[in-house]
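Contents: one structure, followed by commentary.
The values are calculated or read from the model by the stated rules, or taken from the named source; none is laboratory data. Just so it is clear, the model here is predicted, and its values are computed rather than measured. Here Cβ is always computed from backbone atoms with ideal geometry, including for glycine, and neighbour counts include all displayed protein chains. Quick note on the areas: whole protein, heavy atoms, side chains included, nothing else; ligands and nucleic acids left out. Shrake-Rupley method; radii C 1.70, N 1.55, O 1.52, S 1.80 Å.
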Amino acid sequence: MKNLMNITDLTVEEIDELIAVAEDIIANPTKYQDACRHKLLATLFFEPSTRTRLSFESAMHRLGGSVVGFSEAGSSSSAKGESLSDTVQTVGCYADIIAMRHPKEGAPVVAARRAGVPIINAGDGAHNHPTQTLTDLLTIWRSKHTFEGLTIGVCGDLKFGRTVHSLIDAMSRYEGVKFVLISPEELRVPDYVREAMDKENIPYIETTDLESAMPTLDILYMTRVQRERFFNEEDYLRLKDSYILTVDKLENAKQNLSILHPLPRVNEISVAVDDDPRACYFKQVLCGKYMRMALILKLLGV
Ligand code: NCD
């Protein structure tokens, strides 16, 4: 496999392998410290990012490789009107592998036709975010030691949240997984996501009520309302605080619930929840670095 556009580009077995490599990196970091020596990663970020870009960059540095790139479209020649295709073809002359984030759905697929080196989709519009899902999968694996039989609550902006779409794609492949999709009416999962679940007979319910769903959940995946994808600010302001997870709301939750959030958090999880042992979102950040290290190794064939 050369590129990673969607999480389903990886088989379940390949995901198991990546998790095994990530676990080995965690156990033996020095074994990997020169694995990508003389290799160059380019990070092309046409949209803001903290974790995704910096975790890719730190992953490459931790593997002994180097990094070039830009963190906003305005500092690249796309500000002068250069096409994505030309930008990527250029960067493919410099780097061995490219991680790119773009506001347009499908942009990485277009880029991959021209790059000549492996392309990783680091988020395309409201569509997909496969490396966040790798991060989420390692976090779930480390807390549950299985992917099967889990009831996964996904809460917030299920319409525009690309991490949600990729997580559903990934977790739908495991036996006994059920989804509880918790969102305001206007921010329900897109039809194409619902249709894919229907086609595969994946059990799910849709609800607006987080509290009544809470006692059934093994995983609670909170998400931010994606302001940048709204057509008008008024709708955003009306919907932004639809769900705020507080300590009180966790009273009826399972003792072994795992709370995930791709971050950045705006207001969806009260800071007081951070001290609850069920809060996994900063462990999730760390998992992101290890899974991206494992992915870079795989795509570069190291
Ligand atoms: C997410 C993203 O960019 O889609 N964040 C991330 O990559 N960790 C989620 C978000 O921005 O809300």
Can you tell me which residues in region 25-53 are open to solvent by 40 Å² or more (accessible area, probe 1.4 Å) and within 20 Å of THR139 (Cβ to Cβ)? ILE26, ALA27, PRO29, THR50, ARG51, ARG53
Being open to solvent by 10 Å² or more (accessible area, probe 1.4 Å) and small (Gly, Ala, Ser) narrows GLY156, GLY161, GLY149 down to just GLY149
Within region 9-21, is even one residue assigned to a loop (DSSP other than H, G, I, E, B) and either within 23 Å of VAL285 (Cβ to Cβ) or out of contact with any helix residue (DSSP H, G or I) (no Cβ under 6 Å at 6 or more places or on another chain) (or both)? yes
In region 34-52, is there at least one residue being in a helix (DSSP H, G or I) and in contact with a strand residue (DSSP E or B) (Cβ under 6 Å, 6 or more places away or on another chain)? yes
When you go through TYR243, TYR221, TYR236 one by one, which is the residue that is in a strand (DSSP E or B), within 16 Å of the ligand (Cβ to nearest atom) and either modelled with pLDDT under 95 or under 23 Å from ASN128 (Cα atoms) (or both)? TYR221
When VAL67 is run through (1) under 17 Å from VAL21 (Cβ atoms); (2) away from the ligand (no atom under 15 Å from the Cβ); (3) hydrophobic (A, V, I, L, M, F, W, C), the failure sits at (1)
Which residues, counting only those in region 267-285, are of a type in the set (Val, Ile, Thr), over 19 Å from LEU217 (Cα atoms) and either assigned to a strand (DSSP E or B) or without any contact (Cβ under 8 Å) to a residue 60 or more places away in the chain (or both)? VAL271
Residues that are under 21 Å from PRO262 (Cα atoms) and open to solvent by 10 Å² or more (accessible area, probe 1.4 Å), drawn from region 107-127: ALA126, HIS127
